[in-house]
Ligand SMILES: O=C(O)Cc1cc(O)ccc1O
Ligand SMILES: [Fe+2]
């Protein structure tokens, strides 16, 4: 059965669960009855294993999938350097050695107005050409660290496919409903949802229901993790349920294209883009089984837990997914959200407190207002409070929250902000600091109106 052409992508089917060993067949009876690699696969398909971890990684963390496809992936022309069709300005950075070319590191508290590549570039760019790196740490070659990218594009990828050998992509749309076609099937990812597309998996990104995206442009943020994979955080004393529930993660059902047309496959490898040609669709997987599968998650399904007595809990309570380092409790990236919720704590300063964190905090606003900032942190905007740099509520927020009558209060119906929190110091790019032209030069002033209040 060839892939059904979804009209608005809202009618796609999914498999629910996190980290499951999924099985999906576009043609019933395709998967081998025994083992993974029979002498002859049903319908004359090719069996191919895609590994997400070393073969020898302990079973609990081992990830791989078997796909059964019309042609083996290896049937393609030689790799060549890829030149972006849209722009001559390379905005993708993957080497974050402090103060090396393309980098402008600073401990300064930073905030950006809603980001954009500029109207013309965004109109001409597709997802691959519309990537711009904001910050990062570490190195894809030794598989440790992360990069944070902005994306802005108005073109569908058409017969261009992309895979990343440097890391996994956690994609956070702000505007534009994404239809992500993957080797495993299709994912509809509108704003307020996220998608994770792991290292090595091919995908193409289109915009659906374009009239809902201002100017028809899709914009958002990506956390690219060079190490490991995202997992659900431990729940400890919270118990067996809560935060992001495993059953709410959705993976695609197998669907395939049987075509012999010309495709370009772009590969990000050591931060550089390469490409090859092939004369068949990369989305020709008729059936798959395994636990290395992309997924999406609806952020509004997050079960928000907070204080019902006193004090403001640390934001780790809002962790959706974590990509761990080798040090227990310490992450390459914690993906944290600030979703609509009730505040009821008594005798408590309720907004985020003043603090100095030994982690780096990159935040983005998806919709509405964020409760630590009365103004200036706009949907599509971002902030970075790097390792040890002091930050907290702006003067307006502090003054209001210190005097507020503490009734039960709903925060941010319709609002959604997120944080990529990392154990690594984040080096910002020249594009983020200079070329984007969106950095707020007077952000530091939001705290300057805080009066000395002590009566001592
Ligand atoms: O800085 C921020 O706004 C993020 C944040 C939120 C919070 O509720 C507590 C600590 C923290 O770093
Ligand atoms: Fe913070």
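Points worth noting:
- Gain upon complete extension [residue 106, residue 455; 0.36 nm per residue less C-alpha separation]: 122.1 nm
- Reciprocal mean inverse distance between Cα atoms of the stretch 250-334 - Kirkwood radius, Å: 17.8
- Viscosity 0.890 mPa s, temperature 25 °C, Stokes-Einstein D of the chain from Kirkwood C-alpha radius, µm²/s: 107
- For the pair residue 211 and residue 316, the difference between a 0.36 nm per residue extended length and the Cα-Cα distance amounts to 34.2 nm.
- Derived value for the stretch 25-95: Kirkwood hydrodynamic radius 16.0 Å. Basis is the mean of 1/r over every pair of different alpha-carbon atoms.
- Average projection area in nm² (convex hull over Cα atoms of the stretch 304-433, one quarter of hull surface): 8.4
- For the pair residue 435 and residue 74, label points projected 7 Å from Cα toward Cβ lie 3.8 nm apart.
- Fewest-first sequence of 248, 166 by Cβ atoms within 10 Å of each Cβ: 248, 166
- Dimensions of the stretch 359-446 along the principal axes, based on C-alpha atoms and rounded to the nearest Å, stand at 44, 26, 26, largest first.
- Length gained on full extension, residue 399 to residue 448, computed as 0.36 nm times the residue gap minus the Cα-Cα distance: 16.4 nm.
- Debye-formula intensities of the stretch 76-175, expressed as log10 I(q)/I(0) at q = 0.14, 0.18, 0.23 Å⁻¹, are -0.63, -1.04, -1.49 (one equal scatterer per alpha-carbon, no solvent).
- Taken over the stretch 137-294, the alpha-carbon convex hull comes to 135 cubic angstrom per residue.
- Residue 36-residue 262 pseudo-label distance in nm [points 7 Å out on the Cα-to-Cβ vector]: 3.6
- In this structure, residue 274 and residue 98 have a Cβ-Cβ separation that, at R0 = 25 Å, corresponds to a calculated FRET efficiency of about 0.40.
- Note on the chain: helix-only mean residue ellipticity at 222 nm, from DSSP H runs of 4+ residues weighted -39500 (n - 2.57) and normalised by residue number, equals -1000 deg cm²/dmol.
Laboratory data are not the source of any read-out in this text; all were calculated from the coordinates shown. Here the structure is a predicted model, which means the values were calculated and not measured. Here the Cβ is made from the backbone with ideal geometry for all residues, glycine too, and neighbour counts use every protein chain on show.
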